[in-house]
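The values are calculated or read from the model by the stated rules, or taken from the named source; none is laboratory data. A quick note: this is a predicted structure, and the numbers were derived from the prediction, not measured. Here the Cβ is made from the backbone with ideal geometry for all residues, glycine too, and neighbour counts use every protein chain on show. Each accessible area value is taken on the protein alone, full model and side chains, heavy atoms only, with ligands, DNA and RNA left out. Shrake-Rupley method; radii C 1.70, N 1.55, O 1.52, S 1.80 Å.
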There are 6 protein chains.
Amino acid sequence: MSNGQLQMLQTPTPEEGFDLAIRLAQKGVEVTQPSEEIRQMLRPVYSRNVDSLIATSQVIAIHFQTIAAANNYWRAWTPHYG
Amino acid sequence: MSNGQLQMLQTPTPEEGFDLAIRLAQKGVEVTQPSEEIRQMLRPVYSRNVDSLIATSQVIAIHFQTIAAANNYWRAWTPHYG
Amino acid sequence: MSNGQLQMLQTPTPEEGFDLAIRLAQKGVEVTQPSEEIRQMLRPVYSRNVDSLIATSQVIAIHFQTIAAANNYWRAWTPHYG
Amino acid sequence: MSNGQLQMLQTPTPEEGFDLAIRLAQKGVEVTQPSEEIRQMLRPVYSRNVDSLIATSQVIAIHFQTIAAANNYWRAWTPHYG
Amino acid sequence: MSNGQLQMLQTPTPEEGFDLAIRLAQKGVEVTQPSEEIRQMLRPVYSRNVDSLIATSQVIAIHFQTIAAANNYWRAWTPHYG
Amino acid sequence: MSNGQLQMLQTPTPEEGFDLAIRLAQKGVEVTQPSEEIRQMLRPVYSRNVDSLIATSQVIAIHFQTIAAANNYWRAWTPHYG
């Protein structure tokens with residue numbers, strides 16, 4: 001995601017897949033509030049609000065689900081489905 | 001999605017898939033509040049409300065999940081499932 | 001969905017699939033509040049409430065996910081999985 | 001779901017699948033609040049609360065997603081995946 | 001799930017799958033609030049709060065989705081996918 | 001997940017998969033609030049708040065869904081899909 005552009009969903013490791021999920025969650029916020037200044041202003045408030053923290057974690061979880069599927073769950077081996 | 005009509009879920013890149021997810025999330029709001037005027041009126045309020053920003057990001061995430069699946073996750077190669 | 005009865009999940013286009021998702025979201029509300037009169041009374045309130053608008057858009061997104069899968073994502077061609 | 005027991009997820013039609021989704025959503029509430037009396041007491045309150053109505057519709061949507069998959073989306077024909 | 005340990009996701013029937021979903025939802029709460037005493041204290045409050053009841057039903061619905069997939073939807077017969 | 005790094009989604013048992021889901025949910029919170037000190041400060045508040053407990057359980061449920069799929073639901077045997 002150089003220059004904020006989403007290139008691909010495939011990542012070498014689950015850790016990098018989680019990082020991508022975080023960036024997609026942020027990207028979804030930037031769409032509605034494009035001002036970096038205002039987002040920085042809001043940050044101290046919501047980073048100490050438990051419900052906002054959990055809600056953010058949930059958006060990351062949904063994106064991670066997508067990315068994990070895109071990476072075939074980073075399986076070392078492929079199970080045989082029939 | 002010319003004229004607001006949703007043509008297909010396939011997009012050339014993940015970035016365009018994300019854009020489509022954003023438009024579907026907005027489309028879901030326009031259904032309930034068709035007035036452009038009222039939506040513009042509500043925008044300054046919710047674009048500074050952290051919980052609304054996160055909730056919007058979540059709806060985008062759900063649509064992106066659908067669109068990513070529709071595009072077979074924009075995989076360059078197809079894994080062999082058996 | 002003639003007479004409010006859900007006939008099938010297959011639709012010719014994604015646009016019609018989205019329309020069906022909207023109707024399923026409404027159907028889920030009518031279950032709990034069957035009175036058309038009370039629903040009409042509530043409408044002006046929630047159509048100007050940002051959080052209700054986003055929440056409605058989310059329910060539509062979940063149904064659209066189901067319907068898109070039911071339509072094999074309206075793919076013109078079938079990718080080869082193996 | 002005779003005697004409140006969930007027998008199977010397969011239903012003849014989407015409409016009956018939606019009905020099952022509604023019953024599963026209610027079953028999930030009864031688990032935490034088993035008293036029919038208290039649930040009846042709460043009903044008039046939440047059936048006029050827009051956010052509760054939308055939240056209920058969302059739980060139904062999640063269950064309907066499961067049931068639709070269980071029924072192979074009630075497809076008349078089977079698409080060929082390769 | 002003897003001794004609170006999750007053994008497997010496969011269950012003989014959908015009803016038992018739903019029971020497992022309930023236990024997983026509770027397990028997710030116990031993680032954050034391990035004290036049985038405090039949880040018992042909170043119970044009378046949230047079992048009469050409509051929004052908590054619906055939110056709990058939603059967590060059960062998400063776990064049931066996982067468990068239903070794990071059990072191949074308890075299908076008596078296997079559909080032919082190609 | 002040694003040193004907080006997510007190594008793989010495969011786990012020997014469902015119980016360990018659930019543990020991983022819990023750690024991913026926490027990881028999603030740490031992203032937004034990296035200070036261990038502040039998180040410890042918030043903990044007593046949200047661990048007695050029913051809605052926060054349910055919301056946390058939901059994030060775990062979403063991650064568990066991903067992990068269960070990654071582990072092919074820890075099936076002892078592989079069903080035959082055609």
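Observations
- Ranked from largest to smallest solvent-accessible area, with a 1.4 Å probe on the protein heavy atoms, F:36, C:15, A:30 come out as F:36, A:30, C:15.
- Straight-line cross-link partners of residue B:27 among the lysines, defined as a Cα under 28 Å from its Cα and at least 8 positions apart when in the same chain: A:27, C:27.
- Förster-model FRET efficiency, 30 Å R0, residue D:13 and residue C:76, C-beta, rounded to 0.05: 0.60
- Using alpha-carbon coordinates, inclination of helix A:14-32 to the longest axis of chain A, degrees: 40
- For chain A, built as a Gaussian network whose Cα springs stay under 10 Å, the top-fluctuating residue of A:60, A:22, A:38: A:38
- Chains A and B, summed buried accessible surface - 1.4 Å probe, Å², nearest 100: 2800
- CD proxy at 222 nm, helix term only [per DSSP H run n ≥ 4: -39500 (n - 2.57); per residue of chain E; nearest 500]: -21000 deg cm²/dmol
- Counting, for every residue in F:21-29, the Cβ atoms of other protein chains within 10 Å of its Cβ and taking the mean gives 6.
- Other residues within the sphere of radius under 11 Å centred on the Cβ of residue E:63, judged by their own Cβ, net out at +1 (K and R +1, D and E -1).
- Within the accessible area of the stretch A:12-73 (1.4 Å probe), percent carbon and sulfur: 53
- Solvent-accessible area per residue, Å², over the stretch E:16-82 with all protein chains present [probe radius 1.4 Å]: 41
- Gyration tensor (alpha-carbon) shape descriptor, chain B, a/c threshold 1.5: prolate
- Computed with a 1.4 Å probe over protein heavy atoms only, the accessible area of residue B:23 comes to about 90 Å².
- For residue F:7, residues with placed amide H under 5 Å, excluding near neighbours: F:2
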